[in-house]
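Let me begin by presenting the structure, written as structure tokens, before commenting on it.
All of the numbers you see were taken from the coordinates with simple rules; none came from a lab. Please read all numbers here as calculations on a predicted model, not as lab measurements. Positions of Cβ are backbone-derived with ideal geometry, glycine not excepted, and every protein chain shown enters the neighbour counts.
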Amino acid sequence: MTFELETAIAPEKLRRVAIDPVSRVEGHGKVTILLDDDNKVHQVRLHIVEFRGFEKFIQGRPYWEVPVMVQRLCGICPVSHHLAASKAMDMMLGVKELTPTAEKIRRLMHYGQILQSHALHFFHLSSPDLLFGFGSNVAARNIVGVVAAHPEIAKKGVLLRKYGQEVIRMTAGKRVHGTGSIPGGVNKSLSDGERADLLKDIYQMVAWSRDAVGMIRQLFEQNLAEYNDFGRFRSSGMCLVRADGAMDLYHGGLRARDTDGNTLFDHFNYGRYWEVIAEDVKPWSYMKFPFFKSLGPDDGSYRVGPLTRVTQCDSIPTPLADKEREEFMAFDGGSVTGATLGYHWARMIEMLHAAESIKDLLHDDDILGHDLMATGQRQQRGVGVIEAPRGTLIHHYRVDENDLVIRANLIVSTTHNNQAMNTAVREVAKKYLNGREITEGLLNHIEVAIRAFDPCLSCATHALGQMPLEVAIVGADGRVLDEATRDHRGLTRESS
Amino acid sequence: MNNTFQLDGEEIPFTPGQTIMQAATAHGSYIPHLCWHPDFSVHGSCKLCTVKVNGRFGSSCTMEAQPGMEVENRTAELDDKRRTLLQMLFVEGNHFCPSCEKSGDCKLQATAYELKMMSPHFDMFYPDRPVDASHPDILLDFNRCIMCGLCVAASREADGKNIFAMGGRGLLGRRVHVSSESGKLADTDFAATDRAASICPVGVILSKRRGFVVPIGRRTYDLAPISAQVTEKAP
Ligand code: SF4
Ligand code: FES
């Protein structure tokens, strides 16, 4: 991967736009662009203010509280944190294997989460860009616009999400911030009535998820050149895979490949993730930059999430999704597998996989079982890794002999993707913004690139589809040429 | 005159010597309360049980029932004052219900729901209170203490041990303390089987390693509001 444009050659001549983390809401995104005398883009950076205070907050708390407490980290995928923390605490308790009921209930919860989060990400947040165009009229470029222009598509999106939330409610006890998964197992299984309720609609959900894959495929067919090229760059990748190399979003070993597709490590025990991953710090960003140790900080960045998972697994263990994976891999000679917007296609394949997996689990009597908890030989440390909707999520805790957490380290998917998002934003800025005046439409191109990875940087849904973004163009003399902010009030600009 | 009084217009029988609270509870009528427990001597500190007797305020947990009393209980005026008391309790401690395992089983939370408390209203104090995890079986999280004194009473009256004591100065310093030289629970003869181990109405005194075992929907106050669960044999 190249780091061109990340750092200006003679930045002293350019005024740096500082960000003040205190004035920013959690996860606020800011893009700064520096121009030279010829109005050429000289430096592009995506600053993300990450909320790291949580790791401190957890210190001194009893371990059994952690899976419930960490859900507050994210408004879109609290269940991922709930499960990753539970898995870490399983390990800490020495539980090597959950009971079949516990394992399947947790998987059901996780697939429900994938379904609802992917539906939200694609239909509510991204489909307006894809259906209307990246620079289209901002007034209609939102879910309400989709409802008006494509009511059938919008309806499916809303109902898919709702179904996923129902799965979560029945397994976790609540749609958001439930308590279902506890260290060593779960606190409930499904009743006959709950299973029957979910079975009623699951076939429809599978069918709609399949339609969604068809829809993004069609969009690619119609806009192949633009979609393939948009924010494109070569990258290494990492994800969990099952022992046989198949996709497994809940559990497995780590697989990493470099930009040429060569294996860097495979089936690596995530309990020792620090042997293969380190985190780099850059002076201009509060968010860390993780990298593969074997490649070093300069070349070792990687991406995570749907695109990596779908392209790096050997197969998907549900038939419809696996067929879609094969077609995706073969499409246009495999070109889409490296496209930033290929994330959306891969995301919909995963949504289909989640729906099929829910269907299979609903037909498994173990989900009605009553053997919920397992025990083991207590350890001091626990690592839990899960493939969250947006990518690999790592939770790592040390617990003292009095059962209190003394250290916590969390690496969320946004952090793994930090460098990748920076690169994608840079590619887009170079191509679309170069020397031009900022319009809302151009600014949205940057947002489209970020949104391929992350629906909203903050792990906070309060600004649904209205990711706060700032762009500043600064001339070589330090003069701010153009500045634009996009937030809940829309686009505000200050040009000098 | 026979031994009855009126509670919000309902006739409540009593035996001489019973308090208004005892008689109402025996009859299945709910008077909001936090520091009163049928098994232990009256503490009379939370004032949540305040009622109006013949037009004058009084604590129903301390006031003896008298024939013909007119007692106002769940009036808008009284519930309003109770709500304010609750809000003060919430801001004086660190009550973070979403990640508290007592959620759904907590009397403070259930009472707040009962009285339709929608927000803390006042600024949070965020007092600096410790967690004592020294005991092998029991965790003490003083962040949530509402100073009801029930653990003090249970340890003394039921367990014969005197493990807990009220202490500290000032609004922020005052809370329950462990009566051992080190101040640590591990240095007492406290046992998980003590009555005091299961008496706390909020989430201070907790069994270790078994959080969140009861799923949402099956916890005490998921099943029915606190006002519908009036029994003389509270846990
Ligand atoms: S620890 Fe619990 S029982 Fe003891 S005074 Fe505090 S709130 Fe009451
Ligand atoms: S219950 Fe009467 S003062 Fe607390």
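State whether the stretch A:130-220 is rounded, prolate or oblate according to the following rule on the C-alpha gyration tensor (a ≥ b ≥ c being the square roots of its eigenvalues): a/c under 1.5 gives rounded; otherwise a/b larger than b/c gives prolate, and the remaining case gives oblate. Since a/c reaches 1.5 and a/b is larger than b/c, the shape of the stretch A:130-220 is classed as prolate. Pairs of Cα atoms nearer than 8 Å and 6+ residues apart set the relative contact order; for chain B it is 21 percent. Note on chain B: helix-only mean residue ellipticity at 222 nm, from DSSP H runs of 4+ residues weighted -39500 (n - 2.57) and normalised by residue number, equals -5000 deg cm²/dmol.
Volume per residue for chain B equals 127 cubic angstrom (convex hull of Cα atoms). In chain B, the sites counted are GluC sites (Glu not before Pro) in DSSP loop states with at most 12 other Cβ atoms within 10 Å, and the longest stretch holding none of them, exclusive of the sites, is B:1-180. In summary, the lysines within cross-link reach of B:Lys81, defined as a Cα separation below 20 angstrom excluding same-chain residues under 8 places away, comprise B:Lys47, B:Lys52, B:Lys107, B:Lys116. For A:Lys282, the lysines whose Cα comes closer than 26 Å to its Cα, not counting residues fewer than 8 places off in the same chain, are A:Lys13, A:Lys30, A:Lys40, A:Lys56, A:Lys293, A:Lys430, A:Lys431. When each of A:Phe453, A:Phe292, B:Phe96 is scored by the number of other beta-carbon atoms lying within 10 Å, the sequence from fewest to most is B:Phe96, A:Phe292, A:Phe453. The A:Lys200 and A:Val480 beta-carbon pair, evaluated with R₀ = 45 Å, returns a calculated FRET efficiency of approximately 0.20. Couplings 3J(HN,Hα) for the stretch A:346-360, derived from phi with the Karplus relation 6.51 cos²θ - 1.76 cosθ + 1.60 (θ = phi - 60°), are 4, 4, 6, 5, 5, 5, 5, 4, 5, 5, 5, 5, 4, 4, 4 Hz, where x marks Gly and Pro. The relative contact order of the stretch A:137-256 comes to 11 percent, based on Cα pairs under 8 Å that sit 6 or more residues apart. Here the spin labels are modelled as points 7 Å beyond Cα on the Cα-Cβ line, and at A:Gln222 and A:Asp280 they lie 4.0 nm apart.
If the chain linking A:Gln379 and A:Asp364 were pulled fully straight, counting 0.36 nm for each residue of separation and taking away their Cα-Cα distance, it would gain 2.2 nm. Of the residues B:Phe142, A:Ser294, B:Cys100, the one whose Cα sits farthest toward the positive end of the charge dipole of the protein assembly as shown, with +1 on the Cβ of Lys and Arg and -1 on the Cβ of Asp and Glu, is B:Phe142.
Coupling constants for the stretch B:27-39 follow from the phi torsions by the Karplus curve (6.51 cos²θ - 1.76 cosθ + 1.60, θ = phi - 60°), and in residue order they are 7, x, 9, 8, 10, x, 6, 10, 8, 8, 9, x, 8 Hz; glycine and proline get x.
Under the simplified labelling scheme, the A:Lys431-A:Asp266 pair shows an inter-label distance of 3.2 nm, with each label point 7 Å from Cα along Cα→Cβ.
Distance between the 7 Å Cα→Cβ label points at A:Asp192 and B:Lys184: 5.3 nm.
For the stretch A:371-446, trypsin sites (Lys or Arg not before Pro) meeting the loop criterion (DSSP other than H, G, I, E, B) and having at most 15 other Cβ atoms within 10 Å: A:Arg378, A:Arg436. When only Cα pairs below 8 angstrom with a gap of at least 6 residues are kept, the stretch B:4-74 shows a relative contact order of 42 percent.
Remark: chain B carries a charge dipole of roughly 440 debye about the Cα centre, counting +1 on each Lys and Arg Cβ and -1 on each Asp and Glu Cβ. Applying the Karplus parametrisation 6.51 cos²θ - 1.76 cosθ + 1.60 with θ = phi - 60° to the phi angles of the stretch A:94-107, what ³J(HN,Hα) value in whole Hz is obtained for each residue in order, glycine and proline being reported as x? Along the stretch A:94-107, the couplings run x, 7, 8, 9, 7, 5, x, 5, 4, 4, 6, 5, 5, 4 Hz.
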